[in-house]
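*Asks:* Starting off with a structure, shown below.
The values are calculated or read from the model by the stated rules, or taken from the named source; none is laboratory data. Fair warning: this is a prediction, and the values are worked out from it, not measured in the lab. With ideal geometry, Cβ positions are generated from the backbone for all residues, glycine too; neighbour counts draw on all protein chains shown. Surface accessibility is based on the protein's heavy atoms, side chains included, excluding ligands, DNA and RNA. Shrake-Rupley method; radii C 1.70, N 1.55, O 1.52, S 1.80 Å.
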Amino acid sequence: MLAQEVIRTKRGGAALSEPQIQAFVRGLVDGSWSEGQVAALGMAVFLRGMGREECVALTRAMMHSGRVLTWPDMPGPVLDKHSSGGVGDKVSLMLAPLVAACGGYVPMSAGRGLGHTGGTVDKLEAIPGYRSTPSPAEFDRLVRELGCAIIGQTADLAPADKRFYAIRDVTATVESVPLITASILSKKLAAGLQGLAMDVKWGNGAFADSPAMAQELAESIVSVARGAGMPTRALITDMNQVLGREVGNALEIHETIAYLKGEGPREPRLHEVTLALATEMLLMGGLAADAAQARARLQQALDSGAAAEKVARMVAALGGPADLLERPAAWLPEAPVLRPVPAPRAGRLLSQRTREIGLAVVELGGGRRLPGDPLDMRVGFSGMRALGECLAAGEPLAWVHAGSESDAERAVAALLAACELGDAEAPWQAQPLVAARVE
């Protein structure tokens, strides 16, 4: 089947047949489709869209383009969570051990940073020695023994998606609902899951910048997952500000450890998103009778230290230090320059241009401009103030962690430009954190 004829079909607005989709996916894997042809079809889909049946067919074909995991004789439900991407989103690092401490099994294959968003695997690789690519046999063993393991996408798991995703990233076709849907679900279906909780972010720090696009994406993911045979629930959550107090790879590991150990108050929005998604996972896995019981179990897993113990064992088993949770400062890299970002006036923090904050971390070296770029794990922002908080003039909006004084100066300017302060007495109301639930 000629690639140009498949492209012509979609360019004209017609639906692709299953044989056409399978030919495209074979071409992704064996290289018989050139990068230009892959890019052309990606753009045609971006402009013309895809119907539900087309998207199910693409998802299934990419799922079967490599190894498909199975979990025979697993003593509990196999569950996972995925986020559509945000700034400061370290929920996966907390949620996987939480669900494991409640009896679930979480074989999480996570991604790297994309554009202005951070990646879970990048954050874990800030831990010295952490191996994000164990062998399949070791991954299977760790999930069974520990209840969770977080690794990077392996070359043999949905390899068609890996190539397609890389080309979409450099051809401005990332923000396509059917292509995002197929990309996410092909990997999750290949992981052999029995249930998936999807966190669809919306706002100025998300790929879905409007509630309508987020709703469309959530409904697409739930519908296509159901069509492919995997129970899935989606929450639409707010990404109009940084999630948590820290942004940057090592800094977010610090925040994760403090969260799991209960050191200081847990940032309310981060805590709520984590519990809300974990609750959906426990309910899908039959590990709780209702939402109230699920939340009680999750809080107990935090308070007892059971979730923290899961993370400690996972880090050690994958090559990291056995005492990371006891001595994080001894292991996690620190930037040489620490600078406050002083509020230019007294007032209430009314808004953040969250995408710009993510890009400022990229400029510091904490994200990639090109796929192979090395990361500076030390850099980012800490102590981020939340929307609605009131500050005195000169009080820090956040602290910059940078590799040099010049980098720090640019980051200070970028954060100031991304934050809006208003009168402290002006009326202000927070956005709902969970805007909708799609089942």
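*Asks:* Please give, to one decimal in nm, the separation of the simple spin-label points placed at residue 171 and residue 210, each 7 Å out from Cα toward the Cβ.
*Replies:* 2.6
*Asks:* Summing -39500 (n - 2.57) over the DSSP H runs of n ≥ 4 in the chain and dividing by its residue number, what mean residue ellipticity at 222 nm do you reach, to the nearest 500 deg cm²/dmol?
*Replies:* Calculated mean residue ellipticity at 222 nm is -14000 deg cm²/dmol.
*Asks:* Still on this structure, please answer the following. Which residue fluctuates most in the GNM of the chain (Cα springs below 10 Å): 407, 161, 290?
*Replies:* Maximum among the listed residues: 290.
*Asks:* Still on this structure, I have one more. Just grab the label-to-label distance for residue 416 and residue 137, each label 7 Å out from Cα along the Cβ direction, in nm (one decimal).
*Replies:* Label-label distance for residue 416 and residue 137, simple model: 5.9 nm.
*Asks:* Hey, another quick one. Using each residue's phi in segment 148-162, evaluate 6.51 cos²θ - 1.76 cosθ + 1.60 at θ = phi - 60° and report the 3J(HN,Hα) Karplus result to the nearest Hz, with x for Gly and Pro.
*Replies:* Here the 3J(HN,Hα) series is 7, 7, 10, 10, x, 4, 7, 5, 9, 9, 6, x, 4, 5, 4 Hz.
*Asks:* Could you compute how much accessible surface residue 325 exposes when probed at 1.4 Å, giving the result in Å² to the nearest 10?
*Replies:* Counting only protein heavy atoms, residue 325 exposes about 10 Å² to solvent.
*Asks:* At q = 0.07, 0.08, 0.09, 0.12 Å⁻¹, what is the log10 ratio I(q)/I(0) for the chain, with the Debye formula run over Cα points and no solvent?
*Replies:* -0.33, -0.44, -0.56, -1.01
*Asks:* Separate question: Sum up the charges of everything whose Cβ sits under 13 Å from the Cβ of residue 258, counting Lys and Arg as +1 and Asp and Glu as -1, but leave residue 258 out.
*Replies:* That sum, taken over residues with Cβ under 13 Å, equals -2.
*Asks:* Where does each of 267, 53 land when they are ordered by accessible area, with a 1.4 Å probe and the largest first?
*Replies:* Largest to smallest exposure gives the sequence 53, 267.
*Asks:* Any idea of residue 404's accessible area? Nearest 10 Å², probe 1.4 Å.
*Replies:* Its accessible surface works out to 40 Å², give or take rounding.
*Asks:* Return the single residue from 201, 188, 310 with maximal mean-square fluctuation; model: Gaussian network over the chain, springs between Cα atoms under 10 Å.
*Replies:* Evaluated over the chain, the most mobile residue of the options is 310.
*Asks:* For segment 177-234, just list the percent of Cα-Cα distances falling in each 10 Å bin from zero outward, please.
*Replies:* For segment 177-234, the binned pair fractions read 25, 55, 19, 1 percent.
*Asks:* So what does log10 I(q)/I(0) come out to for segment 175-303 at q = 0.11 Å⁻¹, using the Debye formula with one equal point on every Cα and no solvent?
*Replies:* Log10 I(q)/I(0), no solvent term: -0.45.
*Asks:* Give the Debye-formula value of log10 I(q)/I(0) at each listed q (0.08, 0.10, 0.18 Å⁻¹), with one equal scatterer per alpha carbon of segment 256-415, two decimals each.
*Replies:* Cα-only, vacuum Debye calculation for segment 256-415: -0.33, -0.52, -1.22.
*Asks:* Antiparallel DSSP bridges in the chain: what percent, to the nearest 5?
*Replies:* 50
*Asks:* In terms of the Cα gyration tensor, with a ≥ b ≥ c the square roots of its eigenvalues, is segment 1-84 rounded because a/c is under 1.5, prolate because a/b exceeds b/c, or oblate?
*Replies:* Taking the square roots of the gyration eigenvalues as a ≥ b ≥ c, segment 1-84 is prolate.
*Asks:* While we're here: Ranked highest first by average number of other Cβ atoms within 10 Å, how do 31-44, 225-238 line up?
*Replies:* My ranking of the peptides, most packed first, is 225-238, 31-44.
*Asks:* Let me ask something additional. Summarise the accessible area of segment 207-329 (1.4 Å probe, protein heavy atoms) by the percent that is carbon and sulfur.
*Replies:* 52
*Asks:* Work out the FRET efficiency for residue 223 and residue 433 from their Cβ-Cβ distance, taking R0 = 25 Å, and round it to the nearest 0.05.
*Replies:* 0.55
*Asks:* Rolling a 1.4 angstrom probe over the protein chains, ignoring ligands and nucleic acids, what is the accessible area of residue 337 in square angstrom, nearest 10?
*Replies:* Rounded to the nearest 10, the figure is 20 Å².
*Asks:* With axes computed from alpha carbons, what is the tilt in degrees of helix 306-317 against the longest principal axis of the chain, rounded to the nearest 10 within 0 to 90?
*Replies:* The helix 306-317 is inclined about 70 degrees to the chain.
*Asks:* Based on the Cα atoms of segment 202-259, what semi-axes does the equivalent ellipsoid have, where each is the square root of 5 times one gyration tensor eigenvalue, given in whole Å with the largest first?
*Replies:* That gives 28, 16, 8 Å for the three semi-axes.
*Asks:* Taking amide H positions as placed 1.01 Å from N in the peptide plane, with prolines and chain starts having none, which residues 5 or more places from residue 232, or on another chain, fall under 5 Å of its amide H?
*Replies:* Answer set, sorted by chain and number: 196.
*Asks:* Build a GNM of the chain with springs between Cα atoms under 10 Å: which of 110, 360, 346 gets the top mean-square fluctuation?
*Replies:* Evaluated over the chain, the most mobile residue of the options is 346.
*Asks:* Taking the Cα centre of segment 307-439 as the origin and placing charges on Cβ (Lys, Arg +1; Asp, Glu -1), which of 404, 346, 384 is farthest toward the positive end of the dipole?
*Replies:* About the Cα centre, the residue reaching furthest to the positive side is 384.
*Asks:* State the volume of the convex hull built on the alpha-carbon positions of segment 106-207, expressed per residue in Å³ and rounded to an integer.
*Replies:* 120
*Asks:* With θ set to phi - 60° and the Karplus curve 6.51 cos²θ - 1.76 cosθ + 1.60, what are the ³J(HN,Hα) couplings of segment 419-436 in order, to the nearest whole Hz, using x for Gly and Pro?
*Replies:* The phi angles translate into 10, 10, 9, x, 4, 5, 8, 5, x, 8, 9, 6, 5, x, 5, 9, 7, 6 Hz.
*Asks:* May I pose another question? Could you bin all the Cα-Cα distances of segment 388-432 into 10 Å bins starting at 0 and give me the percent of pairs in each, rounded to whole numbers?
*Replies:* 22, 43, 26, 9
*Asks:* Mind checking the per residue accessible area of the chain for me, 1.4 Å probe, whole number of Å²?
*Replies:* 38
*Asks:* Moving to a separate point now. Write down, largest first, the equivalent ellipsoid semi-axes of segment 1-159 in whole Å, where each equals the square root of 5 times an eigenvalue of the alpha-carbon gyration tensor.
*Replies:* 34, 18, 15
*Asks:* Of 188/261; 10/201; 81/162; 162/261; 90/310; 10/90, which pairs sit farther than 26 Å apart, going by alpha carbon to alpha carbon?
*Replies:* Violating the 26 Å limit, Cα to Cα: 188/261; 10/201; 162/261; 10/90.
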